[in-house]
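Have a look at the structure below, then the notes.
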Amino acid sequence: MKHLSLTDFRNYRSADVELTRGVTVFVGPNGQGKTNLVESLSYLSTLASHRTSDDRALLRVGCDMAIVRALLRHGDRELLVEVQLNRAAANKAQVNRAAIRIRDLPRYFSSVLFAPEDLALVRGEPGVRRRFLDELLVQRTPRLVGVLADYERVVKQRNSLLKSARARGLRVDQLTTLDIWDERLVELGSEIIDERQALLDALAEPVRRGYQAVAGADHHPTLSLRLSTRGADPEEEDGAAVKIGEAAASTVDQFRAALTGARRRELDRGVSLLGPHRDDVLFELNDLPAKGYASHGESWSFALALRLGAAELLRAESTTGDPVLLLDDVFAELDSGRRALLARAVADYEQVIITAAVLDDIPPGLGAGLIHIQAGEVVP
Ligand SMILES: Nc1ncnc2c1ncn2[C@@H]1O[C@H](COP(=O)(O)OP(=O)(O)O)[C@@H](O)[C@H]1O
Ligand SMILES: [Mg+2]
């Protein structure tokens with residue numbers, strides 16, 4: 001990225017930043033707008049904020065529209081991409097001043113954001129890990145944005161059907177309309193499950209290398225799906241597991257069989273209990289679950305390894321250059337050993353953007369350009 005310009009985004013009335021190759025550090029006291037700036041970049045590549053699911057929070061207070069515009073370099077070609085966030089209307093996107101479908105925006109720009117919240121990838125709830133997977137899925141395969149959105153709609157529809165059936169006291173065999181939704185749920189859900197599995201397969205080695213790089217040790221990190229359709233119910237401590245079939249069945253057959261077995265329970269509860277929206281990923285170190293077993297430092301190493309692994313994967317598959325790495329205030333979370341190792345692991349990416357409240361947190365030798373951020377203004 002060569003240039004970023006923001007209009008009425010978060011606390012920026014208007015900001016213009018020239019960006020060079022290599023490492024740039026944005027420094028400034030807390031609450032000035034450092035995270036807001038990297039959030040805008042991350043939004044361009046994922047169409048989502050890591051801090052809110054409500055885009056309206058991204059519009060400067062009192063404004064009805066925000067614009068994030070970036071001049072990108074793809075080889076020797078330059079590309080102007082822009083997203084317009086609207087309070088009362090659908091968001092819009094442009095490339096070289098021509099309108100494109102907003103869901104196509106991630107095709108043009110990719111980034112990987114490292115944030116203090118990343119510890120929740122290891123220690124937090126399943127939803128955090130699902131979001132990690134799905135964001136990466138969309139970056140690798142933009143068309144999946146549609147599949148994920150369709151799936152979400154089907155779950156909603158199905159939930160309201162189950163809820164009203166429960167309210168009316170219907171029996172399992174009186175719910176014929178459910179069959180149609182079941183088919184859609186199985187079809188879309190199976191595609192997501194298979195895509196997530198393929199993603200985890202592709203991530204295994206990059207994550208292992210990432211862990212080695214930041215921990216300086218190989219603790220055999222592994223990632224495996226825990227599927228609600230195969231009996232795991234990560235969302236419920238006491239959930240009665242659906243035990244059916246053997247591992248050999250296809251995703252679709254497995255899903256369909258599990259759904260039949262869970263119907264009564266779903267009707268009792270009035271909610272869709274099976275599918276990718278209830279699945280989880282199990283992270284293990286040396287065959288022990290990272291959640292609940294790993295130390296603080298190991299958990300951080302795992303979280304960083306996931307981001308580094310994602311970056312390596314996007315880099316390997318990219319036709320437009322490296323993903324831009326965004327390190328938002330992460331050095332402050334790490335001990336000096338991990339700081340130095342992380343700095344080394346990111347140093348050879350084309351563009352790295354780091355934020356910090358104080359320069360002391362940043363390991364020496366990164367060879368960085370420095371930009372100050374003050375009260376929603378960029379001060380070179
Ligand atoms: N939509 C918004 N409109 C105006 N100001 C906002 C908006 N969202 C956040 N802010 C302000 O931005 C500041 C936080 O910026 P942030 O980038 O998180 O700071 P930091 O430099 O610590 O990373 C806060 O003062 C907050 O009130
Ligand atoms: Mg911040």
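Where a number appears in this text, it was derived from the coordinates with a stated rule and is not lab data. Note that the coordinates shown come from a computational prediction; the quantities given were computed from them, not determined experimentally. Cβ: placed from backbone, ideal geometry, glycine included. Neighbour counts: every protein chain shown.
Here are the numbers for this structure:
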item	result
The chain: radius of gyration over Cα atoms, expressed as a fraction of 2.2 N^0.38 Å	1.05
Largest to smallest principal axis extent of the C-alpha atoms in the stretch 97-233, angstrom	59, 47, 26
As computed over the stretch 41-104, the Cα convex hull volume per residue (Å³)	89
Structure-based [θ]222 nm, the chain - -39500 (n - 2.57) summed over DSSP H runs of at least 4, per residue, nearest 500	-13000 deg cm²/dmol
Descending semi-axes in whole angstrom, ellipsoid equivalent of the stretch 278-380, from the Cα gyration tensor	27, 19, 13
Loop trypsin sites (Lys or Arg not before Pro), the stretch 116-172 (other Cβ atoms within 10 Å of the site Cβ: 13 or fewer; DSSP)	ARG143, ARG168, ARG171
Equivalent-ellipsoid semi-axes of the stretch 277-325, from the Cα gyration tensor, Å, largest first	26, 14, 8
Kyte-Doolittle mean at least -0.5, axial Cα span of 30 Å or more - DSSP H helices of the chain	144-167, 177-215, 296-317
P(r) tail fraction, the stretch 118-317 - alpha-carbon pairs more than 29 Å apart, %	29
The stretch 118-317: relative contact order in percent, alpha carbon pairs under 8 Å with at least 6 residues between	34
